[in-house]
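The values are calculated or read from the model by the stated rules, or taken from the named source; none is laboratory data. These numbers were taken from a predicted model, which means no experiment stands behind them. Here the Cβ positions follow ideal geometry from the backbone for every residue, glycine too, while neighbour counts run over all protein chains shown.
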Amino acid sequence: MIILGDTLLNDSTLEADLAVVGAGPAGIAVALEVAAQGFNVILAESGYERANADAQRLAEAQTWMNQVHAPMSHSVRRQLGGTSTIWGGRCVPYDRIDFENRDYISTVTWPVTYDELLPYHQRACDWLSCGRALSTQHVWSTYLVLSSPGSRMVR
Ligand SMILES: Cc1cc2nc3c(=O)[nH]c(=O)nc-3n(C[C@H](O)[C@H](O)[C@H](O)COP(=O)(O)OP(=O)(O)OC[C@H]3O[C@@H](n4cnc5c(N)ncnc54)[C@H](O)[C@@H]3O)c2cc1C
């Protein structure tokens, strides 16, 4: 059931076993997975079902490096589906190096390791209906073999 926040009184209280904030791909998957276990889940979304300028303004940044980064309205979406409403549809698994500390990126470290996430890659692919979970290494080695001179496409 979808309840529009506009229709709720200011001091209303909604009760559930779990409240998930943000109906992007991550929030939707978490909410549906937990609801499938029989729990009551509230998925709270700041945007509407479709793009809305007032909701989108919540994502604006006060400052950003406009020489190297697109405006926030091109980078995140405040609506049901979150930023996946503007994504390209490419599904690529993380690489091991994505989880390693690199001074030139950030001092923030991942709270999980690559190996801990690995068993869930197929489940993520199932959510996105994007077939088998293949490692980047597997994809590239296959691609390089298939694209090398004299190779034949074999299924
Ligand atoms: C142009 C573009 C193309 C992309 N293409 C791809 C691609 O091809 N493949 C790929 O894997 N990734 C792609 N991405 C990245 C992908 O869209 C994001 O990684 C993904 O959407 C992140 O999911 P999320 O659920 O964590 O966050 P988001 O999708 O950002 O969702 C967050 C949600 O939370 C809501 N929210 C935020 N704060 C609050 C609050 N306080 N209260 C209530 N709700 C709140 C927002 O409104 C939003 O709906 C692309 C991104 C962009 C910008």
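Pro71 passes every criterion in (1) within 25 Å of Cys130 (Cβ to Cβ); (2) more than 9 Å from the ligand (Cβ to nearest atom); (3) surrounded by fewer than 16 Cβ atoms within 10 Å (Cβ to Cβ); (4) of a type outside the set (Val, Ile, Thr) apart from (1).
Among the listed residues Asp103, Asp11, Asp98, which satisfies the condition of being exposed (fewer than 11 other Cβ atoms within 10 Å of the Cβ) and either assigned to a helix (DSSP H, G or I) or not assigned by TED's automatic domain parsing to the domain that holds Arg123 (or both)?
Numbers: Asp103 fails: either assigned to a helix (DSSP H, G or I) or not assigned by TED's automatic domain parsing to the domain that holds Arg123 (or both); Asp98 fails: exposed (fewer than 11 other Cβ atoms within 10 Å of the Cβ).
Asp11 is the lone residue from the list that is exposed (fewer than 11 other Cβ atoms within 10 Å of the Cβ) and either assigned to a helix (DSSP H, G or I) or not assigned by TED's automatic domain parsing to the domain that holds Arg123 (or both).
Being more than 10 Å from the ligand (Cβ to nearest atom) and either in contact with a Ser or Thr (Cβ under 6 Å, 6 or more places away or on another chain) or under 21 Å from Ala29 (Cβ atoms) (or both): is that true of Trp64 here? Walk me through it before giving the result.
Details: more than 10 Å from the ligand (Cβ to nearest atom): yes; either in contact with a Ser or Thr (Cβ under 6 Å, 6 or more places away or on another chain) or under 21 Å from Ala29 (Cβ atoms) (or both): no.
No: the conditions fail for Trp64.
Close Cβ contacts (under 7 Å, 6 or more residues apart or on different chains) running from residues in the stretch 30-52 that are free of Cβ contacts under 8 Å to residues at least 60 places away in the same chain to residues that are β-branched (Val, Ile, Thr) and surrounded by fewer than 12 Cβ atoms within 10 Å (Cβ to Cβ) comprise Ala44/Val21.
For the stretch 80-98, residues that are within 16 Å of the ligand (Cβ to nearest atom) and either of a type in the set (Val, Ile, Thr) or touching a Phe, Trp or Tyr at 6+ places or on another chain (Cβ under 6 Å) (or both) total 4. Among the residues of the stretch 104-123, the one identified as among the aliphatic types (A, V, I, L, M), closer than 22 Å to Trp87 by Cβ and at pLDDT below 90 is Ile105. One residue is enough: does the stretch 50-68 have a residue meeting the conditions within 17 Å of the chain's Cα centre (by Cα), surrounded by 11 or more Cβ atoms within 10 Å (Cβ to Cβ) and in a helix (DSSP H, G or I)? So far as the stretch 50-68 goes, no, none of its residues is within 17 Å of the chain's Cα centre (by Cα), surrounded by 11 or more Cβ atoms within 10 Å (Cβ to Cβ) and in a helix (DSSP H, G or I).
Every residue, every condition in (1) acidic (Asp, Glu); (2) out of contact with any helix residue (DSSP H, G or I) (no Cβ under 7 Å at 6 or more places or on another chain), yes or no:
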{"site": "Ala23", "(1), (2)": "no, no"}
{"site": "Ile28", "(1), (2)": "no, yes"}
{"site": "Ala31", "(1), (2)": "no, yes"}
{"site": "Val41", "(1), (2)": "no, no"}
{"site": "Glu45", "(1), (2)": "yes, yes"}
{"site": "Arg50", "(1), (2)": "no, yes"}
{"site": "Gln62", "(1), (2)": "no, yes"}
{"site": "Val76", "(1), (2)": "no, no"}
{"site": "Gly88", "(1), (2)": "no, yes"}
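The residues on offer are Glu45, Glu33, and the sole one that is within 11 Å of the ligand (Cβ to nearest atom), within 29 Å of Arg123 (Cβ to Cβ) and of a type in the set (Asp, Glu) is Glu45.
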